[in-house]
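Quick notes on the structure that follows.
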Amino acid sequence: MHLIQVDSVQRWMEDLKLMTDCECMCILQSKPISIEKDEQNELILSSQYSTCDSLQLLLKRAWIISTELTRIAQKLEKSRWQRVHSMTVRVNCHVRSMINEYNTFTRSSSEEMHRLEKLLIDKCSEFTAFTERCLQTEDEEMLKSMKSGVNETLTTVAQYFGQLIELVLTHEAQNLLRQIELSGSLYVTESAISSLFSLAQEGAHLCRIIAKEGGVIALFKICRQDCFRCLYPQTLRTLASICCVEEGMHQLEKVDGILCLADILTDNSHSEATHAEAAAVIAQITSPHLTFTQHLSSFLENMEEIVTALVKLCQEASSGEVFLLASAALANITFFDTMACEILLQLNAMKILLAACSDKRIVDTPYSRDQVVTILANMSVLDQCASEIIQENGVQLLMEMLFEKSSSGNPAEVAACERVQQKSAVTLARLSRDPEVADTAVKLSCIPRLIKLCRSPTERNNSDSVLVACLAALRRLAVMSPAGLEDSDFQQLVKPRLVDSFLLCTNMEESFV
């Protein structure tokens, strides 16, 4: 499950309440203090948390139980019976607390859920008793024979627990979608969409559950009603999360989601935030990392108007975030279909993207430059692209991108910088088949920079993909301008086979003299 990485002390402080509840459960054994139903206290308890908070608490408790079960299996493997028993008691308490907490904020548990709850509690009690007997047994042979029984019980507990969590999450997704479907209230619908978005952030499994229960259909229904226009950005953001799984994509295709997105993007009466979130959905469903985009046949039918709208969004973007979303969608589309590159040329997209790069307010991160250079690299396969690049000083920009460095040292940013360097070298290699581009690149001292990237591992952050791209670009420029290289560079980086030059550079000791 998705968990935000936080400081260990902070995590301990957050877990403290759960641990305290656990100790209480050991004493009270889940029995209420009062026999009579105290409705007022019940109301206070249930109103302490919103549905979203309660679900987060449930997921956190489920994560703790899942972790504990894994650790029990590890300790059992080593026959550390004292640890196995204490952890089993703890799991027993957590399970009871989780079920009590969930039943506090839900009022509509199904019979199947109650049946699974009882099965899980009974099996946890049996598990605790079993490990206690093992703890009291000193006969090694007896313990060995009991170990398989403990393993079997642990497997059953994990199975019942998994089934219960699956059922609970499905039940909650159904409740939220029912609210979205049936409520005419803006507040209730907004709250339900917000909770659904939080659920979707917990990972692909939750997204599959939401998609299977009709989440994509319900959200697109919202996007087709003018009375919910103010909720479009939030709804589209939730759709982008759910459509990371195949089930979400199938649902999107079923409800003509592409057509709906195209309508939103081309409707100038919508806010920039709505357009940006629609672009985010497009970026998600056309991601080259997904293996299940083949069935998006309707995308090709609407591609020209979608690409046109995205180029306009890039041109008019008021912030770096909006530009990033629009350019990411365009970058993915250029992978999705080659016809997109021809459309971009017709729309004069090269000029718009290169102009944006000179505005540090708009293209302000390596992530944005990564999207721009991806588009340039994919467009550079077209012969007409070379003249556009020269006309808009694109070679100068590509040269600057060869110097891309992370300012923060953040791993994601470092990876983005590597991609920028690699793709700018790839673009130079492709465009340098045109003598005019090659001549401009040589005049801008691209050759010395490419040599530096090849010879100095730190300059390319030890990236092999950057090295291969730089060697390819260097070889292309050397053909057009052999005088630009010293003999040693030519002998080591150009003349040998590419693989030999690659091996030479990867084994090269950097000189600090």
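What number of residues within the stretch 353-381 satisfy the criterion of being open to solvent by 30 Å² or more (accessible area, probe 1.4 Å) and either within 30 Å of P457 (Cβ to Cβ) or touching a Cys at 6+ places or on another chain (Cβ under 6 Å) (or both)?
Qualifying residue count for the region: 7.
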- Is it the case that L450 is touching a Phe, Trp or Tyr at 6+ places or on another chain (Cβ under 7 Å), aliphatic (A, V, I, L, M), open to solvent by less than 40 Å² (accessible area, probe 1.4 Å) and modelled with pLDDT of 90 or more? no
- Tell me, yes or no, whether the stretch 48-61 has at least one residue that is at positive phi, modelled with pLDDT under 65 and not β-branched (V, I, T). no
- When every residue in the stretch 164-218 that is assigned to a helix (DSSP H, G or I) and among the charged types (D, E, K, R) is compared, the one most open to solvent (accessible area, probe 1.4 Å) is K212
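Taking the conditions exactly as written (of a type in the set (S, T, N, Q), buried (at least 22 other Cβ atoms within 10 Å of the Cβ) and within 17 Å of the chain's Cα centre (by Cα)), does T238 satisfy them or not?
yes
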- Item | Residue list for the stretch 72-120, filter: open to solvent by 40 Å² or more (accessible area, probe 1.4 Å) and outside any helix (DSSP H, G or I) | K78, S79, R80, R107, S108, S110
- Item | Filtered residues of the stretch 84-121 (kept if of a type outside the set (S, T, N, Q), under 30 Å from T137 (Cβ atoms) and more than 32 Å from the chain's Cα centre (by Cα)) | V84, H85, M87, V89, R90, C93, R96, K118, L119, L120, I121
- Message: Return the residues of the stretch 401-412 that are closer than 17 Å to A425 by Cβ and surrounded by 15 or more Cβ atoms within 10 Å (Cβ to Cβ); say none if nothing qualifies.
- Response: M401, L402, E404
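Residue under question is E202, and the condition is that it be among the acidic types (D, E) and modelled with pLDDT of 90 or more; does it hold?
Taking the combined requirement at face value, the residue does not satisfy it.
With respect to A429, is the statement that it is surrounded by fewer than 24 Cβ atoms within 10 Å (Cβ to Cβ), free of Cβ contacts under 8 Å to residues at least 24 places away in the same chain, of a type outside the set (D, E, K, R) and in a helix (DSSP H, G or I) true?
Judged against the criteria, A429 is not a match.
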- Could you please let me know if S66 is more than 20 Å from K118 (Cα to Cα) and among the hydroxyl-bearing types (S, T, Y)? no
- Task: Give the stretch 253-263 a look and list any residue that's surrounded by fewer than 22 Cβ atoms within 10 Å (Cβ to Cβ) and assigned to a helix (DSSP H, G or I), or say none.
- Result: E253, K254, L259, C260, D263
- Single match in S318, S406 (criterion: assigned to a loop (DSSP other than H, G, I, E, B), in contact with an Asp or Glu (Cβ under 7 Å, 6 or more places away or on another chain), on the phi < 0 side of the Ramachandran plot and at pLDDT below 90): S406
- From the list I306, I352, I362, I343, which residue is over 18 Å from the mean Cα position of the chain (by Cα), among the aliphatic types (A, V, I, L, M) and assigned to a loop (DSSP other than H, G, I, E, B)? I362
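The values are calculated or read from the model by the stated rules, or taken from the named source; none is laboratory data. As the structure is a computational prediction, the values presented were derived from the model and not from experiment. With ideal geometry, Cβ positions are generated from the backbone for all residues, glycine too; neighbour counts draw on all protein chains shown. Just so you know, the surface numbers come from the protein's heavy atoms only, side chains and all, with ligands and any DNA or RNA stripped out. Shrake-Rupley method; radii C 1.70, N 1.55, O 1.52, S 1.80 Å.
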